[in-house]
Amino acid sequence: MLLFAYQIVANFFALNDSLVAYGNPVTNPYLWVTPTAYIATELGETFTIDINISNVDNLRAFEFKLSYNTTLLDTVQVDQGSFFPPPPSVSIAKLEADETAGLVWVNISLSNFETPKSGSGTLATITFIVTFAPSSLARAYSVLDLHDTMLYDGNMASIAHNSIDGLYFWQTLLDDPPEAGLLFDLVTQRGGIGPNATDGTFALGETVVLTAHLTFNGDPVQQKMVAFEVRNPKNEMILNRVALTDENGYAIISFRIPSLSESIGTWTATATASVSDSVVWDWLTFIVEARVAAPPAVGGQMKLIQKNRTPISQIDIYLAIVVAIVLSITIIDETKRVVKTTSNLNRHFDK
């Protein structure tokens, strides 16, 4: 039994060796481009983006248009996503691209006998090909502009929602071009203040806090969605989340670096937001070293923690449960041993 309990503990820590993300979720419906930013490296390269929907309730029909720089990209294919079932369960009015205009147009409705859908998923997948390789002096990018978006419920009434655009870059992330009065800065708890700043060193298993600050003419931009994306040293996207800016213009998420050899190296984080007709972004890099993050200090000091400021970690709760299971099994085994010993002694004295 003790071996079984120890196996539970080992499995618990193995499961929690993967990346864990935290942050205040957005509860209202929204559309967004995933990945948030794509970097092409070769002429003729193909890549796909998803148009995703989150937090929708009772969706019967949707429509959107996506504009892009047709000098840099061409559309290869537009496919329906998995959120709605395929025909004949849906009616597809538009699922096409206009290369002359640099425009993708999608309009899909559920058939009358289908139940409206709720939740989150992919509405459409778009495949692009890189058609132009600018010189290194003409570093180029394109906003993947999601616009004219419409959502309709089961009664064909409009559903209020927001949307976040995507970005395409040639070979490298670029600095956010200045917009009049509009500033956006992404930092971690180690610093990195300023556009595209390199930001510190972290250890395996350590928590990284990403904070995006959005202002206009020095005033905070409130209740604006910010899309975060994190890539590991292999350039694999391992996290994308959306959070709202608060009353001070800050949107915050955090995640724990997996204690894996693949985590060692340079990580990249980006954040984007759509403000009126402008897309703003910032990015940073940080280093993850092979050392393991030190556990928090125990004893020696008493520190008051505000209940509403620092909630108990879910991992701490799970750990307490596992420890309780181990102690319970140990007590049960010990009790059985004592009972057995006492029984043997009683039989001995009875003889």
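The values are calculated or read from the model by the stated rules, or taken from the named source; none is laboratory data. None of the values given here were measured: they were computed from a predicted structure. In this analysis, Cβ positions are derived from the backbone assuming ideal geometry, glycine residues included, and neighbour counts consider all displayed protein chains.
Structure notes:
- Within region 62-88, the set of residues being out of contact with any strand residue (DSSP E or B) (no Cβ under 7 Å at 6 or more places or on another chain) and under 27 Å from ALA157 (Cβ atoms) comprises PRO85, PRO87, PRO88.
- Test for GLU179: is it surrounded by fewer than 16 Cβ atoms within 10 Å (Cβ to Cβ) and touching a residue at least 40 places away in the same chain (Cβ under 8 Å): yes
- Condition met for SER82 (surrounded by fewer than 19 Cβ atoms within 10 Å (Cβ to Cβ), assigned to a strand (DSSP E or B) and outside the structural domain of ARG241 (by TED's automatic domain parsing)): no
- Restricting ASN107, ASN112 to those that are of a type outside the set (A, V, I, L, M, F, W, C) and either at pLDDT below 95 or not assigned by TED's automatic domain parsing to the domain that holds ALA40 (or both) reduces the list to ASN112.
- Residues located in region 243-265, provided they are assigned to a strand (DSSP E or B) and either without any contact (Cβ under 8 Å) to a residue 60 or more places away in the chain or under 27 Å from GLU289 (Cα atoms) (or both): TYR250, ALA251, ILE252, ILE253, SER254, PHE255, ARG256, GLY265
- Considering SER89, SER135, SER111, the condition of being touching a residue at least 24 places away in the same chain (Cβ under 8 Å) and either of a type outside the set (Val, Ile, Thr) or surrounded by fewer than 15 Cβ atoms within 10 Å (Cβ to Cβ) (or both) is satisfied by SER89 alone.
- Considering the conditions (1) more than 22 Å from the chain's Cα centre (by Cα); (2) modelled with pLDDT of 95 or more, THR41 is excluded by exactly one of them, (2).
- Criterion (among the small types (Gly, Ala, Ser) and within 21 Å of LEU123 (Cα to Cα)) met by exactly one of SER254, SER263, SER259, SER163: SER163
- Considering the conditions (1) closer than 30 Å to TYR68 by Cβ; (2) surrounded by fewer than 16 Cβ atoms within 10 Å (Cβ to Cβ); (3) at pLDDT below 90, ILE312 is excluded by exactly one of them, (1).
- Candidates LEU244, LEU239: the one that is within 10 Å of the chain's Cα centre (by Cα), surrounded by fewer than 21 Cβ atoms within 10 Å (Cβ to Cβ) and in the same structural domain as SER274 (by TED's automatic domain parsing) is LEU239.
- Among the residues listed as LEU167, LEU146, the single one being surrounded by 15 or more Cβ atoms within 10 Å (Cβ to Cβ) and in contact with an Asp or Glu (Cβ under 7 Å, 6 or more places away or on another chain): LEU146
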